[in-house]
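S.K.: Dumping the structure here so I can ask a few things about it.
The values are calculated or read from the model by the stated rules, or taken from the named source; none is laboratory data. Please read all numbers here as calculations on a predicted model, not as lab measurements. We place every Cβ from the backbone using ideal geometry, glycine too, and count neighbours over all the protein chains shown.
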Amino acid sequence: MIQISEKVIAQENRELKKNDITPIDSTYYSKDRLKGRVFVVTGGARGIGRAAAIRASREGAIVVIGDWLAPQGEATAQYIRKEGGKALFVKTDIRSTEDCNNLIIQAINKYGKIDIALLNAGVMDGTFSGDSFDYDKQKDLLPTAVDAASDEYWDYVMDVNATGTFKTMRAVTKQFLKQGNGGAIVTVGSIAGLTGLAGNPAYVASKHAVNGLTRSAAIDYAPYGIRVNSVNMAATATPMTDKAFEFVKEVKKRGIKGMGGAKTESLLMMNDTKHRMATVWEQASVILFLLSDEASNLTGALYPTDGGWTAY
């Protein structure tokens with residue numbers, strides 16, 4: 001008979017200490033990693049795009065911000081300039097071919113080239129991203145299952161997320177090819193581009209389209225030294241996510257069929273004592289790594305920056 005000491009039993013019965021993961025500090029950056037690079041970012045007025053723009057500037061990049069939220073976009077550019085960086089804001093609606101082309105033209109006119117690009121602009125529903133949430137006024141534009149979804153909701157989300165990303169990528173790749181020096185692009189997908197999510201078919205379809213476009217472009221442009229990857233996050237603390245949670249609460253309160261499903265949190269979010277979402281700085285960290293020379297062997301990949309959401 002095997003004798004088990006009291007010491008061993010005590011060790012086995014001890015309560016293991018749980019630890020929250022501390023998010024990367026908003027002031028952290030890699031000095032000179034992007035020195036001299038001209039960085040184009042769409043959706044740079046707020047959220048992940050804003051964080052990426054600010055950190056890229058701290059790492060030495062010259063930043064060109066495209067967004068349809070003009071006051072916030074200009075405010076981000078001014079913030080960067082106050083920190084001593086160089087930044088230009090260009091009002092841009094990525095649904096417009098003219099606007100996408102103009103974003104690159106303005107970057108070239110001001111700085112002579114572009115080197116890296118983050119195609120971040122996107123929406124979760126059919127409402128304008130600058131508008132506050134109002135279920136009764138916006139219900140025909142809000143997420144719902146296919147049988148109840150409106151044409152306006154579907155067309156708007158697909159036009160911004162899928163077609164807008166395509167049009168921006170087209171403008172960027174044309175300039176990269178013209179310059180002949182390669183380049184790097186990161187698109188912003190979502191866990192909705194890697195899995196299915198309940199109650200938001202246009203968003204899911206559009207983000208799958210973004211990821212398909214990413215892989216296709218990576219194949220087409222590898223011979224020219226142009227790398228293309230995507231990041232795919234779960235809940236990240238941004239104005240868009242805040243608006244989405246307002247919608248979910250309203251749907252539950254009214255007992256209306258809408259977004260749902262058994263899983264609502266990533267592995268890290270569910271195990272955090274405060275159930276915190278990812279931060280924009282955590283997302284920016286991976287994005288800028290993929291745009292930097294440190295990721296020189298990475299292309300055509302869909303990175304789940306999702307706190308383990310797609311692991312189970």
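S.K.: Do you know which residues across segment 74-90 are among the acidic types (D, E) and either loosely packed, with under 14 Cβ neighbours inside 10 Å or modelled with pLDDT under 95 (or both)? Walk me through how you get there before you give the answer.
M.R.: First, pick out the residues of segment 74-90 that are among the acidic types (D, E): 74, 83.
The one that is among the acidic types (D, E) and either loosely packed, with under 14 Cβ neighbours inside 10 Å or modelled with pLDDT under 95 (or both): E83.
S.K.: Separate question: With (1) more than 27 Å from G130 (Cα to Cα); (2) β-branched (V, I, T); (3) out of contact with any helix residue (DSSP H, G or I) (no Cβ under 9 Å at 6 or more places or on another chain) as the list, and I226 as the residue in question, which single condition is left unmet?
M.R.: Every condition holds for I226 apart from (3).
S.K.: Going by the conditions given, is T214 out of contact with any helix residue (DSSP H, G or I) (no Cβ under 7 Å at 6 or more places or on another chain) and at pLDDT below 90? Give the derivation first.
M.R.: Numbers: out of contact with any helix residue (DSSP H, G or I) (no Cβ under 7 Å at 6 or more places or on another chain): yes; at pLDDT below 90: no.
It is false that T214 is out of contact with any helix residue (DSSP H, G or I) (no Cβ under 7 Å at 6 or more places or on another chain) and at pLDDT below 90.
S.K.: Given the criteria farther than 30 Å from A145 by Cβ, charged (D, E, K, R), within 17 Å of the chain's Cα centre (by Cα) and in a helix (DSSP H, G or I), does E282 qualify?
M.R.: Details: farther than 30 Å from A145 by Cβ: yes; charged (D, E, K, R): yes; within 17 Å of the chain's Cα centre (by Cα): yes; in a helix (DSSP H, G or I): yes.
For E282, the condition - farther than 30 Å from A145 by Cβ, charged (D, E, K, R), within 17 Å of the chain's Cα centre (by Cα) and in a helix (DSSP H, G or I) - is met.
S.K.: Scan segment 132-143 and tell me whether some residue there is under 16 Å from L69 (Cα atoms), of a type in the set (S, T, N, Q) and surrounded by fewer than 17 Cβ atoms within 10 Å (Cβ to Cβ).
M.R.: Quick first cut of segment 132-143, residues under 16 Å from L69 (Cα atoms) only: 132.
Next, only the ones that are of a type in the set (S, T, N, Q) stay: 132.
With surrounded by fewer than 17 Cβ atoms within 10 Å (Cβ to Cβ) added as a condition, the list becomes 132.
Within segment 132-143, one or more residues are under 16 Å from L69 (Cα atoms), of a type in the set (S, T, N, Q) and surrounded by fewer than 17 Cβ atoms within 10 Å (Cβ to Cβ).
S.K.: Name the residues in segment 263-277 that are within 14 Å of T22 (Cβ to Cβ) and among the aliphatic types (A, V, I, L, M), would you?
M.R.: Scanning segment 263-277 gives a single hit, L268.
S.K.: Take the residues in segment 148-161 that are within 13 Å of P201 (Cβ to Cβ) and either modelled with pLDDT under 95 or of a type in the set (A, V, I, L, M) (or both), then tell me which one is surrounded by the most Cβ atoms within 10 Å (Cβ to Cβ).
M.R.: Here the answer is V157.
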